[in-house]
Structures are given as C-alpha cells and as structure tokens.
1. Got a sec to turn the phi values of the stretch 204-210 into Karplus ³J(HN,Hα) couplings, 6.51 cos²θ - 1.76 cosθ + 1.60 with θ = phi - 60°, whole Hz, x for Gly and Pro?
2. Near the amide H of Ile361, under 5 Å away, which other amide H atoms are found, from residues 5 or more places off or on another chain, if H is placed in the peptide plane?
3. At 7 Å along Cα-to-Cβ for each site, give me the label-to-label distance between Ala38 and Gln481 in nm.
4. Estimate the FRET efficiency between Glu45 and Thr382 by the formula 1/(1 + (r/R0)^6), using the beta-carbon distance for r and 25 Å for R0, to the nearest 0.05.
5. Enumerate the amide H contacts of Gly470 below 5 Å, restricted to partners 5 or more residues apart or on another chain; note that Pro and chain-start residues carry no placed amide H.
6. If r is the Cβ-Cβ distance from Arg430 to Arg293 and R0 is 22 Å, what FRET efficiency results, to the nearest 0.05?
7. Separation of the stretch 411-486 and the stretch 295-371 by C-alpha centroid, Å?
8. For Thr95, Thr266, what's the fewest-to-most ordering of other Cβ within 10 Å of each Cβ?
Amino acid sequence: MKLKIRNGLVVTSSETFKADIGIEDGIITKIERKAQSASADSLPEFQADEVIDADGKYVLPGGVDVHTHLDMPFGGTVTADNFYTGTVAGACGGTTTIIDFAIQNKGETLKTVLENWHQKAKNISVVDYSFHIAITDLNEGVLSEIPRIINEGITSFKLFMAYKGSLMTASENISRVLAESSRLGFLTMLHCEDGDKIDELIKDFLFSGNTNPLYHSLSRPAELEEKAVSDALKLQEQTKGNLYIVHLSSEGALKQIRKHKGRVLTETCPQYLVLSIDKYTEKPDKQVRERNRFLCGIPDDFEGAKYVMSPPLRGKHHLNALWEGIKDNTISIVSTDHCAFNFYGQKTLGLGDFSKIPSGIPGIETRLFLLYNEGVMGKLITINKLVDVFATVPAKTFGLYPKKGEIAIGADADIVIFNQDKKLVIKSIRLHQDVDYCPFEGYRGKGGISYVISRGEIIVRDRAFSGKKGRGKFLSRRTYQVGSGV
Ligand SMILES: [Zn+2]
C-alpha cells in the first residue's frame, strides 16, 4: 500500500514547510520539500494507491497521549470509555498513540496487572498503545518484578501521593521506587497532592454539611499540590531518580519545579489550560434543570460534578502561569488524563457527598482543538511548539521516538491532516467519546480534522472513523534516557 500526501504544510517540532510526502508499507519514505508557490507534483515517480490533496492544510504528526484511563475500575464504577470507544475518539481527535495506566489492585503482582491490561486492549484498540503501571501496593515482591516488566516493554511506573486509604503510597516507598528508577532506567510518575491533608479537609467539609461538588475543589487547594511537589523534588534530590510529575495544575507548584528545571519532567492537561474554578458553581440550563429536578432528583448545585477531577480546576491566574510554563519548557507535555464518567448514573454516585463523585473527565478527543485554538490562535505558542507538546516530546520521553512523534523519513506514517480554516464548535453529541457530556461543550474556534493516518492507513476521513477494530498494536518501549524528554 502506497499513499501520497500532496502540497500540505508539514509541521515538525522545529519547522514548517510545504512538501509532498510518500508513504510505503506504513512508513514515511519520502519528504520532498517545495516552494510555497509550487503546486506541481514533486514526487512524480512515486506511484501511489491513493493521493491526498492537503493543499493549504497542516500536516501534523499523529498525537501521542501519554495519560489515559480506559476501562478502569474506580470508586465503585468503571470509566465510560473502553479501548475501542476511547481509541476511536482519540483517533478522531488526531491521536494515534496512547499510553494507558494499568492499575494494580491490592495484592496483585505486576505480571497480573500487565496481563489484565493486555486483555482489555488486545483485539479492540484502533490506535497503537502501550501502558504504564500504577503501583498501589508496593512490597519486596513487586519491586523485584520491575526488571522483568521493563523487559516486557513497560518503562514507566506511577505512584500516588493522594487518595489516602486506596491508591496512596507512603513517602519512604516513593523513595525506594525513585532510587530504583535511576538504577534501572525507568520513569517514576507521581500524582502530587498531599493526601493526608486532603483527607482531613474532606472529612471537615462533609461533617459540616458542605457536600456539593464545589467542596471537592476546596478540599484540594493549590497549596497542597505545591507541598506535594516540593516533597517530591526533595525525594528526587536524595535518590537521583527519574521523576515525571503528572497533570500539574497550579502556579506555586510550577514555580517549585522551575527552580529545578532539567531535573524533573512535567505534564499538564488542556482542562488546566482552558477551564477554571468557576465551573464548580455553574448551573444547568432551564431544560436540563427541569429534567434534573423532576426526573432524577438532582439539585442545581450538582452540575459542577461534571468538572470533578483531581487535581481540581483552579483560579484563572493559574492558567496563565501554566501557559508560561509551556513556553519556557518547564512543562514539556500536554496529555489528556482522559478518565470519563457519565454524569447520569456515575457522577451521580456522589449526590449528597462530593467525595463519592468519581474523579475524572473526558478529553481524549479534544486535545488538539484546544491546544490549537487557545495556544496557537491565542498567540501563546507556535504551531511547532504545539507539535512538540502534543507528539514529539511525549514520544521522546516515553521511549517511542523516532518511530512515533515526528514527521520524518523512517518514522511510522502517523499523520493528521488538519484544516485550520474550518469552523469549530465542540458538542458532546458530535464526539465519539462514549460519555454523556463534554466539559468543553459549546467551545468555539477554528479547526477540523480532514484525515488521520496510522501506520500508513487512513483511519479517519472528515471526522468519521473508517479503521478496523483491533488494528492497534502494542508498543514495547525503550528505557528512559536522561535528557531525552527535555
Ligand atoms: Zn490520571
């Protein structure tokens, strides 16, 4: 199978140029640059089975989303998207590679955790995928398994400083994993929020009858993320471990990281760059209100449950600070933390008790649109920087580069053809995510996806998924090379 993409504006993490691209057997084999004004075929000898005209459109590398939660049991329920619906949604949003979190249940070996997640993804994922393992029950046996798991291609392990009593790991154990990470060459990913203090605040609020979703955010103030980040940086200093901080949401924590730039890797997510704390007090519109009240018994002040995630949304000044962090490379990756729960039936588990609202929001399909509009159209970042945080640095950091993450000869032909002139209105009903709402509902801007190509195969044409179920392949990843993601 040969494919040719003509006249597109190719965007890499460092430059933008007009070119014709030749793809053979899933690999990019030709990139022929041409003058801005040239329209003649610069690869006339390359006889393709299909030719895509990308005139005037951006040709971007397929997105690499390193933070998703598909088919994940959590808080007495399971995330709404599985590896089929979640990866179809990802593909339709320009993402061609995901790394999902395989979560350890208490008492499980890492081998079992990994087998479970292979079962979930195998034969249904439509884009290429890999896993991190989230360790929630560390002991000698688990530690001794890590080298074997690395041989299976899993080179990143996550620990939680939050969720006391379930996922949280004590700091001495975090230290042990960090120390191992520098010895064995894996990445230690950390969810940084002070779980002990949060637990106290949750109990206080509930005791005094403050039960609505706003109190989810008030029980997890920015200072407690800053405190956890500062503790994590100390542990990193002592152990010289490879530290990666997930979903950073606040200015103070960012300032701590900036002081130690080069020693730690950091990601944020579109929700922390676009949405703010006022969402927790948003009221439903008239029609929804009536349905909620009379049919479902849901009070108006529960609408904020749609934005319950951890860490929570912050005040507006944090948004500007995080964009500054992207600009100066303190933050090098924007992933989604896609962790979808339906409003009706799942979020409503927390009616009358915000601590029981499943924490997480959908976002796997909207990352590129939000980064393009807020970042590039908003003149905060260049289109090359977008490619960097969307695809290139994630691939480099997690051992997938140069196969993934950039448009280059020899790389997998994972490509998005992006029509920057198309009008955009984000509506849940038009998305492929299998969840009953979208936190970015009504967002207006520019940008449409004309084609998504994964290993040389067109899997999305004009927003419609056209690939086969189960075509995605597991990606065995290399160990972490210090400096590779910076
Ligand atoms: Zn997450």
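Here, each number is a calculation from the coordinates, and none is a lab measurement. Just so it is clear, the structure is predicted and the values come from calculations on it, not from any experiment. Note that we place each Cβ from the backbone using ideal geometry, even for glycine, and neighbour counts take in every protein chain shown.
1. Ordered by residue, 3J(HN,Hα) equals 4, 4, 5, 4, 8, x, 8 Hz.
2. Amide H to amide H, under 5 Å and 5 or more residues apart or across chains, Ile361 pairs with Cys339.
3. Distance between label points: 3.2 nm.
4. With a Förster radius of 25 Å, E is 0.15.
5. Here the answer is Ile124, Ser125, Val126, since their amide H atoms fall under 5 Å of that of Gly470.
6. It comes to 0.20.
7. 20
8. So the residues, fewest neighbours to most, are Thr266, Thr95.
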